[in-house]
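Working notes, structure below.
The values are calculated or read from the model by the stated rules, or taken from the named source; none is laboratory data. Only a predicted model underlies this, so the values are computations on that prediction, with no experimental measurement involved. As a convention, Cβ positions derive from the backbone with ideal geometry for all residues, glycine included, and neighbour counts pool all protein chains shown.
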Amino acid sequence: MDFSTTITLNGLIQQFLVGLSRTTILFIVSSGLSLVLGVLRIPNVAHGSLYMIGAFLCYSISTLFGAGSTGFWLAVILAPLGVALISLAAERGLFCHLYDREHLMLLLFTFALMLLCRDAVKIIWGSNYRSLSPPEILQGSLSILGMPFPKYNLFLLGAGPVVALGLWFLIHRTKIGKISRAAAVDRDMVGAVGINVSWVFASVFVIGCFLAGLGGALVAPTQNITQGMDHTIIMEAFLIVIIGGLGNVWGALLGALIFGLTDSIGILVWPQFSIVFPYAVVVIVLIFRPKGLLKATW
Amino acid sequence: MVERQNLVASGYSRLTWLAIGLGFLIILAVSPLFLPRFFTYLLALILITGLVTTSLNIALGFGGMYQFHHAVFYGVGAYTVALMLTKTSLPPALGFILGPIVSGILALVMGMICVRLSKLYFGMLQLSLGSLVWVLVFRWYSFTGGDDGLHGVPVPKLISSVSGSYYFTLIVTVICLILMYVILNAPFGRILQAIRDNPERSESVGVQVRLHQLVTQVIAGFFAGVAGVLFVTVEGSTFPDMMSWTLSLEFLIMCLLGGWFTFLGPMLGATIIVSLRTLLGGYTEYWTMVLAIILMLLIFFLPEGVLGYFEGLYRRRSASLAEDR
């Protein structure tokens, strides 16, 4: 054990902020997963692959436009749209024929999709890792309490609430949100009152996958874009969705906060085992509340 | 669902099946004498993978539980024996016995938490508990070797050669398969299948559903641990990927491919996928794409698996024959 790093208040606050910016990415990705799980009941293992594709697309688009600021902002908008397009094709071509199957079948089907995506990424982008620098305004760092803090992470801190508000608006204030909430509870009834459930499902699936792509695009400048990205994020996203309550978007927010913060605070306490902390917290939560912290939609 | 309870497609007499099985066993027993070393190793790997998937199928196909993270028990069995052999000077036999037992105990602990829920919730809970075990093994460098794993495990001389480990694997696998077959055909196994088909009704006729599921977890975990021990014997090493979620999903695919309502289906599925991976892996680095396409076609057209499909075909034919008479 190495307790040589003394825990100072400033260090704690800084780690807290780092944790929050990590939380943003985790929230964006896992809220999409939760949405799809809640409304369509698909445990989408390929969600992590879409996140990875989002990151690679973001890299390619921004280099296509000259790797400058405009290229980056275009990429952040276009990459998730590209991912959404891919998911639309997958939903209309494949998933819509499988809705009546068991969860296990759907899980394995999305696993097949994940394998397919992994090889597709390997074919298109090769197996080298890529890196992308943030746009000029967001380069460098600000000093917070005498400690340097990357500007890009501050940007992420701002992006999280925007996405959360957008999702809230979508779910509670738009027609498609209302229909999808109803479909999550009783899809046969929604169909019986004359709503085309199939297209509602398609749009919810596309929105969920868009969020995966957005998470991937936003994370691209903060880390190496590699082949293994899908593997780590999908595990974390699933755990977040489980502790939040299946299908509950606010549960995903809560879960992401728990996961992101325990990870970053854990680095201060016990660096070698920092990644173990969130997993342990997840297990402790589930022992006491096996169905998650907030109410699941089903 | 009632028809699926027949473990062996009825029609042929038991004696015929016994003869086929024995013939197969003799072929497996003499094959190392003719096959090159690599294929002997491959056969051992197939047997081990088949043993894990068969143990998975006890919980999945016969117990109806969503066993999402079965690889954990496989990995823990392997790590137990590897750690016993490398870090302690206790007799090796003790390690070989302890491996499955530790897996069984882990399955008991995880099961006590998981069987409170069913279906997808059960699977999700098992997934999160299993990933905690995985991340611990992955990070605890001083104890488990972290992401490098443990290599050069001093396996006893008698079973460390290619053919020695093969025969050891073959004997243990056959014993385990017989044991599992007996368990599934005993009253316990029948009750388990009744629980799978209708948990509410089973509960109301006085079956202790949760207890039966817990025991099933322990049995499945124990046999997965046996397979983990065999893996160490054959490979001489362990690594954290042995308990990764991806591997668990691959095991599920093998069950699906072979047919999860049949006893030997998972073994067939393991044979197909392990051979495909080895043979195709030599030609192309994109072999997972082939696997993905096979899996998608399977889910669309053959959801009962290869063996399940043929069993269904056979049953329909004999039913129509009976009608003709």
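Can you find a residue in the range B:226-245 that is more than 21 Å from residue A:105 (Cα to Cα), assigned to a helix (DSSP H, G or I), modelled with pLDDT of 90 or more and among the small types (Gly, Ala, Ser)? Checked the range B:226-245: at least one residue is more than 21 Å from residue A:105 (Cα to Cα), assigned to a helix (DSSP H, G or I), modelled with pLDDT of 90 or more and among the small types (Gly, Ala, Ser).
Results for (1) part of a helix (DSSP H, G or I); (2) more than 11 Å from every other protein chain (Cβ to nearest Cβ); (3) surrounded by fewer than 24 Cβ atoms within 10 Å (Cβ to Cβ), shown as yes or no for each residue.
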site: A:202; (1), (2), (3): yes, yes, yes
site: A:206; (1), (2), (3): yes, yes, yes
site: A:216; (1), (2), (3): yes, yes, no
site: A:237; (1), (2), (3): yes, yes, no
site: A:296; (1), (2), (3): no, no, yes
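Of all residue pairs spaced 6 or more apart or on separate chains, those with beta-carbon atoms under 8 Å, a first member in the range A:162-191 that is within 25 Å of residue A:100 (Cα to Cα) and a second member that is of a type in the set (Lys, Arg) and crowded, with 16+ Cβ neighbours inside 10 Å are A:171/A:181. Taken across the range A:269-290, residues that are among the hydroxyl-bearing types (Ser, Thr, Tyr) and within 30 Å of residue B:116 (Cα to Cα) do occur, with at least one present.
Just need a number here: residues in the range A:42-53 that are under 13 Å from residue A:208 (Cα atoms) and away from chain B (no Cβ under 14 Å). Final tally of qualifying residues: 2.
For every residue, the table says whether it meets (1) among the acidic types (Asp, Glu); (2) at the interface with another protein chain (Cβ under 10 Å from one of its Cβ atoms); (3) farther than 29 Å from residue A:237 by Cα.
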site: B:93; (1), (2), (3): no, no, yes
site: B:103; (1), (2), (3): no, no, no
site: B:109; (1), (2), (3): no, no, no
site: B:117; (1), (2), (3): no, yes, no
site: B:125; (1), (2), (3): no, yes, no
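How many residues are facing chain A (nearest Cβ under 9 Å) and of a type in the set (A, V, I, L, M, F, W, C) when one looks only at the range B:134-152? Of the residues in that region, 5 qualify. Restricting the range A:244-294 to residues that are at the interface with chain B (Cβ under 8 Å from one of its Cβ atoms), among the β-branched types (Val, Ile, Thr) and in a helix (DSSP H, G or I), the residue that is farthest from residue A:21 (Cα to Cα) is A:287. For the residues A:81, A:74, A:88, A:116, the requirement of being within 14 Å of chain B (Cβ to nearest Cβ) and either surrounded by fewer than 24 Cβ atoms within 10 Å (Cβ to Cβ) or assigned to a helix (DSSP H, G or I) (or both) singles out A:116.
Please work out if residue B:177 is part of a helix (DSSP H, G or I), within 14 Å of chain A (Cβ to nearest Cβ) and surrounded by 17 or more Cβ atoms within 10 Å (Cβ to Cβ). Judged against the criteria, residue B:177 is not a match.
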